[in-house]
Amino acid sequence: MAYKQIVAAAILDSLSAPSKLLAARRTSPPMLAGLWEFPGGKLEPGENCEAGVRRELAEELGVQVVLGSEVFGPVPEGWVLNESAAMRVWFAEISDGTPDTLEDHDQLAWVDLDEAALATLDWIPADLPIVHAVLADTLAGATR
Ligand SMILES: Nc1nc2c([nH]c(=O)n2[C@H]2C[C@H](O)[C@@H](COP(=O)(O)OP(=O)(O)OP(=O)(O)O)O2)c(=O)[nH]1
């Protein structure tokens with residue numbers, strides 16, 4: 001089964017000594033509006049995944065990033081979101097710009113990297129295993 005490829009970033013305050021994750025609240029479609037996610041989007045035809053992540057973060061948040069390790073999911077396309085889409089996610093640190101809600105989001109939040117703080121956000125349900133993997137990888141020092 002070929003999944004539509006989505007790419008996204010788990011943006012940390014620091015790749016070397018992470019303490020916070022940048023979460024973004026979606027504005028559309030109605031079914032997902034108000035839910036929190038990893039900023040990112042659909043890969044364009046012919047684009048490689050890392051370039052896609054960088055493009056999406058520039059468009060949506062107005063930032064440039066340094067990419068760290070991938071947050072590996074269970075399939076080659078990353079984390080299965082639904083019957084037709086899967087998402088690869090990379091750790092990232094902002095190298096230029098201040099994140100802003102330029103496109104697709106109405107709120108951004110720097111959240112402490114602990115279970116309780118992350119659980120206060122209403123995440124897209126498909127993202128919950130990814131949130132746990134992000135936490136586990138940061139605790140294991142596997143972000144870069
Ligand atoms: N970016 C992102 N999308 C997610 C996450 N979790 C999740 O289920 N999705 C879904 C929502 C969408 O159906 C799809 C991503 O598409 P998108 O609408 O963000 O893509 P895009 O920015 O390229 O937008 P567009 O061209 O369709 O306007 O993946 C997540 O954490 N981040």
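The rows are residues; the columns are (1) modelled with pLDDT of 95 or more; (2) buried (at least 16 other Cβ atoms within 10 Å of the Cβ); (3) of a type in the set (A, V, I, L, M, F, W, C).
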residue	(1), (2), (3)
SER28	yes, no, no
PHE38	yes, yes, yes
GLY41	yes, yes, no
GLU56	yes, yes, no
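Residue pairs whose Cβ atoms lie under 8 Å apart, sitting 6 or more positions apart in sequence or on different chains, and linking a residue in region 1-12 that is surrounded by fewer than 22 Cβ atoms within 10 Å (Cβ to Cβ) and assigned to a strand (DSSP E or B) to a partner that is among the charged types (D, E, K, R) and at pLDDT 95 or above, are LYS4/LYS42; GLN5/LYS42; GLN5/GLU77; GLN5/ARG88.
Residue-wise test of (1) out of contact with any Ser or Thr (no Cβ under 9 Å at 6 or more places or on another chain); (2) polar (S, T, N, Q); (3) not in a strand (DSSP E or B).
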| residue | (1), (2), (3) |
| --- | --- |
| ALA86 | yes, no, no |
| PHE91 | no, no, no |
| SER95 | yes, yes, no |
| ASP100 | yes, no, yes |
| GLN107 | no, yes, no |
| LEU128 | yes, no, yes |
| HIS132 | yes, no, yes |
| LEU135 | yes, no, yes |
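Among the residues of region 17-65, those identified as basic (Lys, Arg) and within 18 Å of VAL111 (Cα to Cα) are LYS20, ARG25, ARG26.
Among the residues of region 109-126, just one is acidic (Asp, Glu) and in a strand (DSSP E or B), namely ASP112. Within region 8-42, being under 14 Å from the mean Cα position of the chain (by Cα), within 20 Å of SER84 (Cβ to Cβ) and near the ligand (Cβ under 8 Å from one of its atoms) holds for ALA8, ARG26, GLU37, PHE38, GLY40, GLY41, LYS42. Inside region 57-89, residues that are over 16 Å from SER14 (Cα atoms), within 12 Å of the ligand (Cβ to nearest atom) and among the β-branched types (Val, Ile, Thr) make up a count of 2.
For region 106-130, residues that are under 13 Å from the mean Cα position of the chain (by Cα) and within 12 Å of the ligand (Cβ to nearest atom) total 7. Taking every residue in region 64-80 that is of a type in the set (S, T, N, Q) and pairing it with any residue that is in a loop (DSSP other than H, G, I, E, B), at least 6 positions away or on another chain, the pairs with Cβ-Cβ distances below 7 Å are GLN64/GLY97; SER69/ALA142; SER69/THR143; SER69/ARG144. Determine, yes or no, whether ARG88 is among the basic types (Lys, Arg), modelled with pLDDT of 95 or more and in contact with a helix residue (DSSP H, G or I) (Cβ under 9 Å, 6 or more places away or on another chain). When the stated conditions are applied, ARG88 passes them.
Scanning region 43-56 for residues that are among the acidic types (Asp, Glu) and within 9 Å of the ligand (Cβ to nearest atom) yields GLU44, GLU56.
The values are calculated or read from the model by the stated rules, or taken from the named source; none is laboratory data. Computed from a prediction, not measured in an experiment: that's the story for all the values here. When we count neighbours, we look across all protein chains shown, and the Cβ atoms used for this are built from the backbone with ideal geometry, even at glycine.
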